[in-house]
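A.B. asks: First, the structure itself, so that you have it in front of you.
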Amino acid sequence: MRYVLCTSVKLAHPFLPFVTEEMWGVLTENKEGLLIEAKLPLLNDIAKFKHDTISHQMEKILKLIKQVRSFKTRYFQGVKEPPNILVEIHKNDMDIVNVHSYIENLSATKLKFEILGRRLTSDNIGILFDIEGGRSCRISCSRADAGVVIPIMDEVRLGKLQTKLSKLKKQYENPAFQQHAPEDAKEKLRRKVAYKYYFFRNSVVTIFLLYCIHRLN
């Protein structure tokens, strides 16, 4: 902490020379001379404080907070009380549980942690994402608790459908495919793209109408 404060004072010195000089005197107890004569911090000085394990843990925590906030915004609009959200993580990521209160405060939620394993039922809404090194984490809640209810298709499956549709469309529009593929193959893929697009469009419209009805109620 002392290093951080002293370094901050050094960096601020060109902009606040008199104030930082006073602060430097207090921090060093007037034992290290004037601040204007002190050496500026170097990048190599900071490297010795780097800790890979702590850095990786902080990255996981920040990613989880971001996902929880996004999930809350998406499904708990208009809900005043902190929502109850289930967080399912890999057993190797259970160290996150040690800072659950920190995550709850920053996301304004009530979290319950479990080992990822069971399947998501139709009574729940959930999103699955990669938290680190290919290990998955799932955030979910009960549809009954959510402020926005989507009974037809959750956004995870809708996103997968959109990705699949984009790949099929890209394949169909590929110049090489259009030039060399047989006519029946092109017609088959065209119909497949049209069907996927029709299904995707209807799903989006259905979700939007259900959301509007919910907001009106």
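The values are calculated or read from the model by the stated rules, or taken from the named source; none is laboratory data. None of these values were measured; they are calculated from a predicted model. Cβ sites come from the backbone with ideal geometry, for glycine too, and all protein chains shown count toward neighbours. Just so you know, the surface numbers come from the protein's heavy atoms only, side chains and all, with ligands and any DNA or RNA stripped out. Shrake-Rupley method; radii C 1.70, N 1.55, O 1.52, S 1.80 Å.
A.B. asks: Counting each DSSP H run of 4 or more residues in the chain as -39500 (n - 2.57), what helix-only mean residue ellipticity at 222 nm follows after dividing by all residues, to the nearest 500 deg cm²/dmol?
C.D. replies: Rounded to the nearest 500, the figure is -17500 deg cm²/dmol.
A.B. asks: Follow-up. Of the cross-linked pairs Lys60/Lys170; Lys63/Lys112; Lys10/Lys50; Lys10/Lys48, which ones have a Cα-Cα span greater than 24 Å in the structure shown?
C.D. replies: Result: Lys60/Lys170 exceed 24 Å.
A.B. asks: Leaving out ligands, DNA and RNA, and with a 1.4 Å probe, what % of the accessible surface on segment 1-144 is carbon or sulfur?
C.D. replies: That fraction is 58 percent.
A.B. asks: Taking the Cβ of Ala185 as the center, what net charge do the other residues with Cβ under 13 Å away carry, scoring Lys and Arg +1 and Asp and Glu -1?
C.D. replies: That sum, taken over residues with Cβ under 13 Å, equals +2.
A.B. asks: May I ask you to evaluate 6.51 cos²θ - 1.76 cosθ + 1.60, the Karplus curve with θ = phi - 60°, for each residue of segment 59-65 and list the ³J(HN,Hα) values in order in whole Hz, giving x for glycine and proline?
C.D. replies: 4, 5, 5, 5, 5, 5, 4
A.B. asks: Between (1) 61; (2) 49; (3) 40, which matches percent of Cα pairs over 26 Å apart calculated for the structure shown?
C.D. replies: The value matching this structure is (1).
A.B. asks: Next question, about the same structure. Just grab the label-to-label distance for Phe129 and Val4, each label 7 Å out from Cα along the Cβ direction, in nm (one decimal).
C.D. replies: About 2.5 nm separates the two model spin labels.
A.B. asks: Using each residue's phi in segment 104-121, evaluate 6.51 cos²θ - 1.76 cosθ + 1.60 at θ = phi - 60° and report the 3J(HN,Hα) Karplus result to the nearest Hz, with x for Gly and Pro.
C.D. replies: Rounded to whole hertz, the list is 4, 5, 6, 9, 6, 9, 10, 10, 10, 9, 9, 6, 5, x, 6, 7, 7, 8.
A.B. asks: To continue, here is another question. Of the GluC sites (Glu not before Pro) in segment 1-94, which ones lie in a loop per DSSP and count no more than 14 other C-beta atoms within 10 Å?
C.D. replies: Passing sites in segment 1-94 are Glu29, Glu32.
A.B. asks: Let me ask something else about it. Taking trypsin sites (Lys or Arg not before Pro) that fall in a DSSP loop and have at most 15 other Cβ atoms within 10 Å as cut points, what is the longest piece of the chain between them?
C.D. replies: Counting at most 15 other Cβ atoms within 10 Å as exposed, the longest clean stretch of the chain is 120-217.
A.B. asks: What are the residues whose amide H is under 5 Å from the amide H of Arg143, where those residues sit 5 or more places off or on another chain and H is modelled from the backbone?
C.D. replies: Placed amide hydrogens put Asn124, Ile125 under 5 Å from Arg143.
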